[in-house]
Amino acid sequence: MAGDCKAGSYDYRKGWLLNEKSVDGSFEAKAPYVDNGTGLVEPQRYFDPAFMRREWSELWTRTWLLAGRVSDIPEPGDFFRFNVGSESFLVVRGTDREIRVMYNVCQHRGARLVASDFGNLKEIRCRYHSWAWTVNGAICDITDRETFRPEVLEGSLDLSKVRHDVWGGFVFLCMDEKAPPLAEFLGVLEPHLAVYRLEDMVTVKDVEVEWPANWKTVVDAFLESYHVHAIHPEILPFYDDYHQQWDLYEHGMSRMLMKFGAVSPRHEDQDSVNDFLAGMLAEVGIDPEGFGKAAGDVREAVQKAKMKLSDRLGPTAGDYALNQMTDDWAYFAFPNVTFNIHPEGALVQRFRPHESDPEKMIYDVTVLIHPIRDPAIQIPAYMGVEEGTDCTGSTRPQRRYLTRGDGGVGPVLEQDGRMIPFVQAGMHSRGFRGARLSEQEQRVRHFHREIDRYLDGEKW
Ligand code: FES
Ligand SMILES: [Fe+2]
C-alpha cells in the first residue's frame with residue numbers, strides 16, 4: 001500500500017501547502033524551510049544514562065515546562081503537583097489568590113512534602129518531623145525550635161520558589177532565571193493558538209501512563225504521520241496523511257497541518273464518499289445520500305457548512321481559517337508537549353522523562369474542549385473521549401493512572417503504544433546504524449537539533 005501510490009516528485013524546499021492561496025503572514029502560510037541537514041540520528045541518545053544526565057542538567061532545568069491547568073486550582077490552598085525527572089513541584093493558589101510554584105521539598109532534611117497530585121491544603125506540613133509552611137510557602141512552624149543552635153536556622157527557611165508564567169490556561173515553570181520569558185520562548189505558538197481560546201477549555205480526559213521507552217522515542221512518533229499508513233490504516237479513508245504542511249520555528253517549535261475530510265492518496269478508493277466521510281457530512285447537517293459529489297469535495301463542503309454553524313463553535317468562530325474547521329493543526333511546544341487542536345478542543349500530550357531510567361517515560365494525555373451544550377457537536381473520535389463523558393464542564397474527571405495496554409488512551413494512541421517498545425528495543429541493536437529521516441520527519445530532525453543546542457551550550 002505504501003510507497004509508489006503517488007505520482008510526481010517532492011521539492012523539499014517548497015514542501016506541500018495546506019492552502020495554495022494562503023496569504024503571506026497569515027497563520028496558515030508556510031514558514032520558510034529550515035535546513036537541519038541530513039545526518040543520521042545516533043541511537044545512544046535514546047538509552048544512554050550519561051546522555052540522560054546531560055539532558056537533565058542542560059535541557060530540562062533550563063527550558064519552560066508545562067506543569068498543569070490553572071482551572072485545577074481555583075480556590076486558596078488548592079494545589080497540583082508536577083513531577084518531572086528527579087524533581088517535584090507544587091503549584092499552589094495562595095491565600096492572596098496568587099499562583100506560586102515551589103519545589104516540593106522540606107527545608108529541614110529534604111523530605112518530599114506532598115505525595116498526591118491534587119488537593120487543598122491549609123498548611124504544608126512535613127510528614128517526617130512536622131515542620132510546616134503556609135500555603136504561600138512561608139515557614140510557620142519548626143518543631144522544638146529551641147533545640148537548634150541559632151546559626152543552623154539562619155537564612156531563608158521558606159519553601160524554594162521557581163519561576164512560572166501562565167499561557168492558554170496552563171501554568172508553565174522554568175528552573176532557569178536566564179531563559180527568555182515564556183511568550184518569547186513560545187514564539188509563534190502564542191498568536192497561532194490564540195483563536196482557539198485554550199484558556200476557556202475544560203478538561204474532559206486526564207490520563208497518565210508509563211511507557212517502556214525513552215521520552216524522545218515517543219515524542220518522535222507524534223511529530224510525524226509517516227507511520228500512519230502502517231499502524232493506523234483505519235484513518236486513511238478520511239485523512240490525507242501524505243500532503244501535509246510542515247513548519248519549523250525558532251526554539252525547536254514546529255507544527256504539521258493535517259487534512260481531515262480528505263482521502264489519503266494511499267487509500268485504494270479515491271472517489272467514493274466512504275462511511276467516514278459520510279459521517280463527517282452528517283455531523284454538519286449535510287445528508288450524505290443527497291450529497292451527489294465525490295470524496296474530493298467533502299472537506300470543503302464540511303468546512304463551509306461548519307462555518308455557517310459558527311454559533312456552535314463559540315464567539316470567535318469567524319476568526320478561523322476555513323481549513324481549521326476540518327483539519328488537525330498539530331503544534332509541538334518544545335521540549336515535550338503536543339497540541340492537536342480543533343475549534344472544538346485540543347488533545348494535549350505531554351512526554352515526561354522518568355526520574356532515573358532512560359528507557360522509561362511518563363505519557364500524559366489530556367483532552368480539553370469548549371464546554372458543549374449543543375448535543376450535535378461531537379468530539380473528534382481519535383481523541384479517545386469515552387461515551388458518557390460529561391462535556392458540559394461541570395465536572396472535572398479524575399486523573400487515571402493506566403498501564404500500557406489498558407486501552408484507556410483511545411484506540412489510535414494505543415496503536416502507538418504497542419509500537420513504541422519495538423522501536424526502543426531495536427535502538428540497542430549493534431546492527432542499527434542510526435535513524436535516517438525523510439522530509440516527512442523533518443519535525444523530528446528539528447526537535448533533535450534543538451536538544452543538541454542545549455547540550456552543546458548554544459542556548460542562553
Ligand atoms: S525532613 Fe521535613 S521536617 Fe524533617
Ligand atoms: Fe501514531
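The values are calculated or read from the model by the stated rules, or taken from the named source; none is laboratory data. If you're wondering where the values come from, they're calculated on a predicted model, not measured in any experiment. Methodologically, a virtual Cβ is constructed for each residue, glycine included, from the backbone with ideal geometry; neighbour enumeration extends over all protein chains shown. Ligands, DNA and RNA are stripped out before the accessible areas are found, and what is left, the full protein with its side chains, is counted by its heavy atoms. Shrake-Rupley method; radii C 1.70, N 1.55, O 1.52, S 1.80 Å.
Total residues in the range 100-113 satisfying the condition of being open to solvent by 50 Å² or more (accessible area, probe 1.4 Å) and more than 17 Å from residue 83 (Cβ to Cβ): the figure is 3. If you check 360, 308 for being out of contact with any Gly (no Cβ under 8 Å at 6 or more places or on another chain), under 21 Å from residue 19 (Cβ atoms) and either modelled with pLDDT of 95 or more or not β-branched (Val, Ile, Thr) (or both), only one passes: 308. Residues that are in contact with a Pro (Cβ under 6 Å, 6 or more places away or on another chain) and open to solvent by less than 10 Å² (accessible area, probe 1.4 Å) do not occur anywhere in the range 183-196.
Assess whether residue 162 counts as being under 21 Å from residue 350 (Cβ atoms), open to solvent by less than 30 Å² (accessible area, probe 1.4 Å) and within 16 Å of ligand 1 (Cβ to nearest atom). Judged against the criteria, residue 162 is not a match. Go through the range 220-254 and give me each residue that's within 15 Å of ligand 2 (Cβ to nearest atom) and under 14 Å from residue 338 (Cα atoms). Of everything in the range 220-254, those that are within 15 Å of ligand 2 (Cβ to nearest atom) and under 14 Å from residue 338 (Cα atoms) turn out to be 220, 221, 222, 223, 224, 225. Summed over the range 114-159, residues that are open to solvent by less than 30 Å² (accessible area, probe 1.4 Å), farther than 26 Å from residue 69 by Cα and part of a loop (DSSP other than H, G, I, E, B) total 3.
Okay, residues lined up against (1) open to solvent by 30 Å² or more (accessible area, probe 1.4 Å); (2) touching a His at 6+ places or on another chain (Cβ under 6 Å):
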residue	(1), (2)
16	yes, yes
31	no, no
38	yes, no
41	no, yes
51	no, no
58	yes, no
65	no, no
70	yes, no
83	yes, no
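Selection of the range 383-430 for residues being open to solvent by 50 Å² or more (accessible area, probe 1.4 Å) and either hydrophobic (A, V, I, L, M, F, W, C) or touching a Ser or Thr at 6+ places or on another chain (Cβ under 7 Å) (or both) yields 396, 419, 422, 423, 425. Looking only at residues of the range 94-109 that are in contact (Cβ under 8 Å) with a residue 40 or more places away in the chain and of a type in the set (D, E, K, R), we find that the one that is nearest to ligand 1 (Cβ to nearest atom) is 100. Every listed requirement among (1) touching a Cys at 6+ places or on another chain (Cβ under 8 Å); (2) within 16 Å of ligand 2 (Cβ to nearest atom) is met by residue 217 save one, (1). Among the residues making up the range 400-420, those that are assigned to a helix (DSSP H, G or I) and either away from ligand 2 (no atom under 14 Å from the Cβ) or touching a His at 6+ places or on another chain (Cβ under 6 Å) (or both) are 412, 415.
What about residue 269, is it over 25 Å from residue 14 (Cβ atoms) and buried (at least 17 other Cβ atoms within 10 Å of the Cβ)? Quick ask: steps written out before the conclusion?
Details: over 25 Å from residue 14 (Cβ atoms): yes; buried (at least 17 other Cβ atoms within 10 Å of the Cβ): no.
Taking the combined requirement at face value, the residue does not satisfy it.
Scanning the range 110-126 for residues that are near ligand 1 (Cβ under 8 Å from one of its atoms) and either within 25 Å of residue 398 (Cα to Cα) or at pLDDT below 95 (or both) turns up just one, 113. The set of residues from the range 283-300 being under 30 Å from the mean Cα position of the chain (by Cα) and either outside the structural domain of residue 320 (by TED's automatic domain parsing) or in a helix (DSSP H, G or I) (or both) comprises 283, 298, 299, 300. Just to be sure before I move on: is residue 274 closer than 19 Å to residue 227 by Cα and either out of contact with any helix residue (DSSP H, G or I) (no Cβ under 7 Å at 6 or more places or on another chain) or open to solvent by 20 Å² or more (accessible area, probe 1.4 Å) (or both) in the structure I sent? For residue 274, the condition - closer than 19 Å to residue 227 by Cα and either out of contact with any helix residue (DSSP H, G or I) (no Cβ under 7 Å at 6 or more places or on another chain) or open to solvent by 20 Å² or more (accessible area, probe 1.4 Å) (or both) - is not met. Among the residues of the range 197-214, those identified as under 23 Å from residue 63 (Cα atoms), more than 15 Å from ligand 2 (Cβ to nearest atom) and either of a type in the set (A, V, I, L, M, F, W, C) or open to solvent by 10 Å² or more (accessible area, probe 1.4 Å) (or both) are 198, 199, 208, 210.
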